[in-house]
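Take a look at the structure set out below.
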């Protein structure tokens, strides 16, 4: 019998790494330059994962020069300190090793700038598990997950599947609604992980095919036979 999925696309923040501390610290630092005191760090965990620019726009209502300044302050903090506050979730490296040993092809798709994502993966020592890392460049304005997932699917078709469609054998693993909605839009299955920064209702409402309480459960779903 064949296992259910062969090509596994992982989100980064909240799925592989517990990046909340560094991201929130960078938001707090940026907001402080505008006289905004951000003290509810628990609620700020929802800022982990979405595009930073959009969070400043939608949550804090920045635009124009203020938005540009906020982004500069954010990156000033994150790229010097926050980028190193990224412990792996418990069980993640074992999950990656087991899936790789089973012959799965692993990719990362993230709204984080690709250069930074690659640096983070090297820093935590798991970069070598992944065939490709897909994220926006510093100059790209399109950072929605469906666009990035589609780019990963094209990579798979060109480099791993001999030109054949990869949709039926690919699954997206993520912790937030935009991971799941991106997978739905691109026509692939998804696994919503409950150990990250989203919750069961959010992932269910977004249309997650599966839910997983732990990396071990992600393995069981991927390796289940069809």
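Throughout, read-outs are computed from the coordinates displayed, never taken from laboratory work. This one's a predicted model, so the numbers in the text were calculated from it and none came from an experiment. When we count neighbours, we look across all protein chains shown, and the Cβ atoms used for this are built from the backbone with ideal geometry, even at glycine.
Please compute, over every Cα-Cα pair in the stretch 20-84, the percentage with a separation greater than 17 angstrom. Don't jump to the answer; show the numbers that get you there.
On the way: 641 of 2080 pairs.
That fraction is 31 percent.
Can you list, largest first and rounded to whole Å, the semi-axes you get for the stretch 1-132 by taking the square root of 5 times each eigenvalue of its Cα gyration tensor? Intermediate results must be reported in sequence, preceding the final value.
Details: eigenvalues 208, 37, 33 Å².
So the three semi-axes of the stretch 1-132 are 32, 14, 13 Å.
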Just check the stretch 103-146 against the gyration tensor rule for me: Cα atoms, a ≥ b ≥ c as the square roots of the eigenvalues, rounded for a/c under 1.5, and otherwise prolate or oblate depending on whether a/b exceeds b/c. oblate
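Regarding the chain, what whole-number volume in Å³ per residue does the convex hull of its Cα atoms give?
115 Å³
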If I model a spin label at residue 199 and residue 81 as a point 7 Å from the Cα along the Cα→Cβ vector, what separation in nanometres do I get? 3.0 nm
Could you state the number of Å between the C-alpha centres of the stretch 148-215 and the stretch 1-38? 16 Å
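If you stretched the chain out fully between residue 34 and residue 65, how much longer would it get, using 0.36 nm times the residue separation minus the C-alpha to C-alpha distance?
Here the answer is 9.9 nm.
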Apply 1/(1 + (r/R0)^6) to the Cβ-Cβ distance of residue 97 and residue 167, taking R0 = 35 Å, and write down the FRET efficiency to the nearest 0.05. 0.85
